[in-house]
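Read the figures in this text as sums done on the coordinates, not as results from a lab. This one's a predicted model, so the numbers in the text were calculated from it and none came from an experiment. So basically every Cβ, Gly included, is an ideal-geometry build from the backbone, and we count neighbours across all protein chains shown.
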Amino acid sequence: MLAQIDRALRGGLLGGTNDGPDVSFFAFLRFCARQPEDAVGVAAAWSAGRYRVDHGLAR
């Protein structure tokens, strides 16, 4: 456990990634920036199969 804490303090995380929006504030901002601007955009992306509630807008 101490090794993981040391690793986290140095910027590393479990699994070797800190690109998840649940883990990194900057990844959260990137996730938010990728989302449609309004409900019409969400509906269009959803109907095209490019939007999922759990992952947001797929590229």
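Can you tell me which residues in the range 19-50 are in a loop (DSSP other than H, G, I, E, B), surrounded by fewer than 12 Cβ atoms within 10 Å (Cβ to Cβ) and over 11 Å from the mean Cα position of the chain (by Cα)?
Of everything in the range 19-50, those that are in a loop (DSSP other than H, G, I, E, B), surrounded by fewer than 12 Cβ atoms within 10 Å (Cβ to Cβ) and over 11 Å from the mean Cα position of the chain (by Cα) turn out to be 37, 38, 48, 49.
Can you list residue pairs whose Cβ atoms sit under 7 Å apart, with the first residue in the range 39-51 being in contact (Cβ under 8 Å) with a residue 40 or more places away in the chain and the second being surrounded by 10 or more Cβ atoms within 10 Å (Cβ to Cβ)? Count only pairs 6 or more apart in sequence or on different chains.
Going by the 7 Å Cβ cut-off, there are no qualifying pairs.
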